Amino acid sequence: MSTDISAKDAAVGNLMTDLRQIIDEARIHVASTANYELTMMYWHIGERINRDVLGNERATYGKQIIATVSRQLQTWYGSKGFEERTIRRMVQFAQEFPDWQIVSPLVSKLSWTHFLTIMTLKDPLQREFYLTMAANERWSKRTLQSKIDGMLYERTALSSKPEDVVKQELANVRDNKVVSPDVVFRSPYFLEFTGLKGLYSEKDLEDSLVAHLEQFILELGNGFCFAERQKRMIIDGEDFYLDLLFYHRKLHRLIAIDLKLGRFKAQYKGQMELYLRWLEQNEMEPGEETPLGLLLCTEGSEEQIELLQLDKSGIKVAQYMTELPPRDILVQQIQKSLEVAKAKWGNERKEDEV
């Protein structure tokens, strides 16, 4: 008798588990569908007002039209969602994201609040970058805001490239789910979570990064997987040790990271090339791309880096900061570095054209 009751209880328990899963999945689908339809409705309303009413009319006339539209819609559908301020945002939404081919597939992955956050950005390439990455990596609204506040776009290697290159790279992410190293790597890296200040050793930095591994991976970016610390390599009977070894799921590559104090030095290139060739010969799995190296230094040496043509060797050099300066100074530093990098790209293009 007790066996039968236990079996029935188990069956009921299984039934309730299945029913709960059905309900939860349905609710998620309904919420996702509702978000998609709501955001697309906002885009269509904004696009229609822009196309049929505002056009090239005076700004004062536009304000009058938006106020009229808002009042009428609130009369028909209630005040929620059709306030004048919201209608203006719909118009802005359609103005700043006029390409239906880009917006439509992303709406199913992003909420209206994602778009509102991105619309605060002035640079179209910035907007396209955050729109693409937020959808590709499924960022929450909070994560999106933190990426913007942390100047992620400005810190990527991609941001220094010409506009057509940036657009093509982002199209590859959207359409083909292909991520390039220029999208993945950045400089500087913010490592203030280590708590290191003043004088410290490379070992202190390594210990702290491993102790705060989750935060370090978050700063490295989506797709990094920790593989090994102090990776031992025996070459010509001599032991060599790589500080940190990662694998990047989207690049399908091993990523060798070496930590350095002070400025980049030319001899670091040979050391990293040795590590990469050893990893290529001994650690690469079928289907993987060749390993990449990341040298993290407290300062760059731009002229040496340029002369050594490190990119051709699969080596990236990036600055890291364990202490962040005041935000206004930090912004100035990053903007200055970005301007220098863009100028360099512009000069290289002109030389290629000649």
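When the chain is treated as a GNM with alpha-carbon contacts under 10 Å, the residue of Glu206, Glu154, Glu83 showing the greatest mean-square fluctuation is Glu83. Listed by chain and number, the aspartates and glutamates whose alpha-carbon sits under 17 Å from that of Lys80, ignoring those within fewer than 8 places in the same chain, are Glu37. Among the listed values (1) 241; (2) 176; (3) 137, the one matching volume of the Cα convex hull per residue in Å³ as calculated from this structure is (1).
Measuring between their Cα centroids, the range 121-140 and the range 67-103 lie 21 Å from each other. GNM remark for the chain: springs join alpha carbons under 10 Å apart, and the peak mean-square fluctuation among Asp258, Asp52, Asp149 falls on Asp52. Among Ile87, Ile257, Ile235, the residue with the largest mean-square fluctuation in a Gaussian network model of the chain, with springs joining Cα atoms closer than 10 Å, is Ile235.
For the chain, with all protein chains in place and a probe radius of 1.4 Å, 51% of the accessible heavy-atom surface sits on carbon or sulfur.
Between the range 172-187 and the range 256-283, how many Å separate their Cα centres? Value for the Cα centre distance between the two parts: 23 Å.
The C-alpha atoms of the chain define a longest principal axis, and helix 59-77 lies at about 70 degrees to it.
For Lys63, a cut-off of 15 angstrom between C-alpha atoms picks up these aspartates and glutamates, skipping any fewer than 8 places away in its own chain: Asp52, Glu83, Glu84.
Under Stokes-Einstein, with the Kirkwood radius over Cα pairs standing in for Rh, what whole-number D in µm²/s applies to the range 35-115 at 25 °C and 0.890 mPa s?
Details: Rh = 13.0 Å.
Answer from the Stokes-Einstein relation: 189 µm²/s.
Once the 1.4 Å probe is applied to the protein heavy atoms, the range 76-170 comes out at 46 Å² accessible per residue.
For a straight C-alpha distance cut-off of 18 angstrom, the aspartates and glutamates reachable from Lys147 (same-chain residues fewer than eight places away being disregarded) are Asp123, Glu128, Glu137, Asp182, Glu192, Glu214, Glu219, Asp328. Pairs spanning more than 22 Å between alpha-carbon atoms, out of Lys203/Lys336; Lys161/Lys197; Lys231/Lys269; Lys265/Lys316: Lys203/Lys336; Lys161/Lys197. For the chain, the relative contact order works out to 12 percent when only alpha carbon pairs closer than 8 Å and six or more residues apart are counted.
The values are calculated or read from the model by the stated rules, or taken from the named source; none is laboratory data. As the structure is a computational prediction, the values presented were derived from the model and not from experiment. Each accessible area value is taken on the protein alone, full model and side chains, heavy atoms only, with ligands, DNA and RNA left out. Shrake-Rupley method; radii C 1.70, N 1.55, O 1.52, S 1.80 Å.
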